[in-house]
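The values are calculated or read from the model by the stated rules, or taken from the named source; none is laboratory data. Everything quoted here is computed from the prediction, not taken from an experiment. A quick note on method: Cβ atoms are made from the backbone with ideal geometry, for glycine too, and the neighbour counts reach across all protein chains shown. Keep in mind that these areas ignore ligands, DNA and RNA; they rest on the heavy atoms of the full protein, side chains included. Shrake-Rupley method; radii C 1.70, N 1.55, O 1.52, S 1.80 Å.
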Amino acid sequence: MRRAAAPAFEADLLAAPKAVPLLRHAVREHLGRDCPDVQLAVSELLSNVVRHVGEGSPVTLRVSCAGQGVTRVEVTDSAPDAEPAPAHAEYDAEGGRGLALLDAVASRWGVVRDALSKTVWCELPEDTA
């Protein structure tokens, strides 16, 4: 039996390391179920904004049902020119694996830009979301 889709979750905030675990928890509570891959996507996308755009940058996080058992996570920031790209991390590096992790758990992901912002999004199958 398929679960009813939760309404979309949206949060506007300033990017900060302390926001990452708070939003992971808020998304889990909103969805009302274990959702480790969704929480991982939230963590990695927000952490990338903190690291590459800057702490204190305005961010919008959206989590929604994209239909057909797919959960969509989107993070919008105000740096359209900051290019998200998977990096090759050395085995002992403390960072550089975020987009590789996202690529491993998401069925697909991408970037949408306009003149003032960039949205990095991913879609996760519900059975792993």
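Here are the numbers:
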quantity: Condition met for ALA41 (within 21 Å of PRO7 (Cβ to Cβ), aliphatic (A, V, I, L, M) and open to solvent by less than 20 Å² (accessible area, probe 1.4 Å)); calculated: yes
quantity: Any pair with Cβ under 8 angstrom, 6 or more apart, that starts in the stretch 35-52 at a residue that is in contact (Cβ under 8 Å) with a residue 12 or more places away in the chain and over 10 Å from ARG24 (Cα atoms) and ends at one that is open to solvent by 40 Å² or more (accessible area, probe 1.4 Å) and not in a helix (DSSP H, G or I); calculated: ASP37/THR128; SER47/PRO17; VAL50/PRO17
quantity: Per-region count, the stretch 7-19, residues open to solvent by less than 80 Å² (accessible area, probe 1.4 Å) and either modelled with pLDDT of 95 or more or in contact with a His (Cβ under 6 Å, 6 or more places away or on another chain) (or both); calculated: 7
quantity: Matching residues, the stretch 20-38, being open to solvent by 30 Å² or more (accessible area, probe 1.4 Å) and part of a helix (DSSP H, G or I); calculated: PRO21, LEU22, ARG24, HIS25, ALA26, ARG28, GLU29, HIS30, LEU31, PRO36, ASP37
quantity: Close pairs (7 angstrom Cβ cut-off, 6 or more residues apart or separate chains): in contact (Cβ under 8 Å) with a residue 60 or more places away in the chain and over 17 Å from THR60 (Cα atoms) in the stretch 101-119, surrounded by 13 or more Cβ atoms within 10 Å (Cβ to Cβ) and of a type in the set (D, E, K, R) anywhere; calculated: LEU101/GLU44; LEU102/GLU44; VAL105/ASP37; ALA106/GLU123
quantity: Every residue from the stretch 71-80 that is closer than 20 Å to CYS35 by Cβ and open to solvent by 30 Å² or more (accessible area, probe 1.4 Å); calculated: ARG72, GLU74
